[in-house]
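The values are calculated or read from the model by the stated rules, or taken from the named source; none is laboratory data. Just so you know, these numbers come straight off a predicted model, no measurement behind them. Every residue, glycine among them, receives a Cβ derived from its backbone with ideal geometry; neighbour counts consider all protein chains shown. Ligands, DNA and RNA are excluded from the accessible area calculation, which covers all protein heavy atoms including side chains. Shrake-Rupley method; radii C 1.70, N 1.55, O 1.52, S 1.80 Å.
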Amino acid sequence: MFRHINGIRYSYIRSHFYAMFITTVTLLSVLLSIYVLFEPTWLSAASIFVFISLYIVLTVIISIYAGFRSSGNLKSRLDSLSVLITQYANGNYDSSIYTDKEDEVTRIVNELNELGVKMQNQVKSMQRMADEKSEFAKSAHKTAVIEERQRLARDLHDAVSQQLFALTMMSEAALKQMDQNPHIAKEQLQEVAASALQAQTEMRALLLHLRPVHLSGEPLTHGVKKLINELRQKCQIDFHLLLDDALVLNETVEEHVFRIIQESLSNILRHAKATDVKLELYKREHEVFVHIRDNGKGFDTTKDIDKKTSYGLKTMRERSEELGGTFTIRSIPGEGTYIDIRIPYQVEERGVR
């Protein structure tokens, strides 16, 4: 009820009542002044009372009628503005209002119409940008595929191809020494076996890197366990896992974390010469922690960061920062490497599988 009293119509009526009150007080003051000062025979206290009473009754009726009549047009125009704003809120930016008056409400109407045109143009611009972004994403994906192929080709040439060439040369040398110097031939064959093992390790690391990034609908911990089980069957490395099976993450976050773990294990296989790897994945308060440790040969992070391992480390850092997290690496030559990743955890980000 009180809400309606504050409406436009009642505001007009109250303004008329206020004008009536001022006029009544003014008339009463004038009549009383004349009555007191001049005491005319035609003016008496009773006539003043009757006149003021009739005036109040008539002005009340006139104020109510005039308030409703004069506010009707303004209320209708304001209702149209409200409908227009509702249309804009619902995304119907092509709606508009036509008016032929020249007042403040018309100025607001024109500004809202211009706003609708601008918002409609912005929607078209955003749609165009979305299309351009889609094309750019396709182009970027093609570029990324080409770069990845080039990197893999470079790795194959720098590592496996050169090792196979060395195996060929050492094998031929061992064959030539087999009859004359069996001892030398044996040492050369031992070098051949070591080189073959290293080439095999490099190839496993490259195959691990080529593994699909997505988890094929599996939870992150299941995908990590499956990956480690495959490596246990192929590598002479002891893996120690501490995984939180109750951890629930968004699909995009899971894929990024899985890719980071993948890249880290690939670096360990190719460069660390480790025999023991510890992998931890768990949630603490509002953060997800990933801890990866190996007992490999390590490296000097101040000097060796620009070598072949730097590409994988850069990729892991970029993925961590893309998730709003932090990436920390510590490595001690002769002792091993430690990688710690912290990523903000939000329950509502869980994707639908």
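Could you say which residue among LEU78, LEU74 is over 30 Å from THR24 (Cα atoms) and in contact (Cβ under 8 Å) with a residue 60 or more places away in the chain?
LEU78
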| When residues of the range 188-211 are limited to those that are exposed (fewer than 14 other Cβ atoms within 10 Å of the Cβ) and more than 25 Å from ILE260 (Cβ to Cβ), the one modelled with the lowest pLDDT | LEU197
| How many residues does the range 31-52 contain that are loosely packed, with under 11 Cβ neighbours inside 10 Å and either in a helix (DSSP H, G or I) or among the aromatic types (Phe, Trp, Tyr) (or both)? | 7
| message | So for the range 251-260 (the condition being touching a residue at least 12 places away in the same chain (Cβ under 8 Å) and within 15 Å of TYR338 (Cα to Cα)), does at least one residue qualify? | response | yes
| What tally of residues in the range 313-344 results from selecting those that are under 12 Å from ALA272 (Cβ atoms) and crowded, with 20+ Cβ neighbours inside 10 Å? | 4
| message | Can you tell me which of (1) in a helix (DSSP H, G or I); (2) modelled with pLDDT of 70 or more; (3) open to solvent by 60 Å² or more (accessible area, probe 1.4 Å) is the one THR221 doesn't meet? | response | (3)
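Each row is one residue, and each column tells you yes or no for (1) open to solvent by 20 Å² or more (accessible area, probe 1.4 Å); (2) more than 18 Å from LYS314 (Cβ to Cβ); (3) among the hydrophobic types (A, V, I, L, M, F, W, C).
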position	(1), (2), (3)
ALA246	yes, yes, yes
GLU255	yes, yes, no
ILE260	no, no, yes
LEU265	no, no, yes
ILE268	no, no, yes
LYS283	yes, yes, no
| query | What is the one condition in (1) at pLDDT 80 or above; (2) of a type in the set (Ser, Thr, Tyr); (3) assigned to a helix (DSSP H, G or I); (4) open to solvent by less than 60 Å² (accessible area, probe 1.4 Å) that SER82 does not satisfy? | reply | (4)
| task | Name the single residue, out of those in the range 95-109 being at pLDDT below 80 and hydroxyl-bearing (Ser, Thr, Tyr), that is surrounded by the most Cβ atoms within 10 Å (Cβ to Cβ). | result | THR99
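Could you please give the count of residues in the range 126-139 that are among the small types (Gly, Ala, Ser) and at pLDDT 80 or above?
The qualifying residues number 1.
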| said: I'm trying to understand the selection: among the residues of the range 57-71, which are more than 60 Å from the chain's Cα centre (by Cα) and surrounded by 14 or more Cβ atoms within 10 Å (Cβ to Cβ)? | reply: THR59, VAL60
| task | Check off (1) surrounded by fewer than 16 Cβ atoms within 10 Å (Cβ to Cβ); (2) modelled with pLDDT under 85; (3) not aromatic (Phe, Trp, Tyr) for LEU241 and give me the number that stays unchecked. | result | (2)
| request: Identify, by number, the condition in (1) polar (S, T, N, Q); (2) within 30 Å of MET126 (Cα to Cα); (3) at pLDDT below 80 that ASN92 doesn't meet. | output: (3)
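Condition (residue is open to solvent by less than 60 Å² (accessible area, probe 1.4 Å), without any contact (Cβ under 8 Å) to a residue 24 or more places away in the chain and more than 30 Å from HIS16 (Cα to Cα)) applied to the range 118-128: is it met by at least one residue?
Yes, the conditions are met somewhere in the range 118-128.
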| Failed condition for THR309, given (1) touching a Phe, Trp or Tyr at 6+ places or on another chain (Cβ under 9 Å); (2) at pLDDT 85 or above; (3) crowded, with 17+ Cβ neighbours inside 10 Å, with all others met? | (2)
| request: Only residues that are open to solvent by 60 Å² or more (accessible area, probe 1.4 Å) and either at pLDDT 80 or above or among the charged types (D, E, K, R) (or both): list them for the range 147-157, please. | output: GLU147, ARG149, ARG154
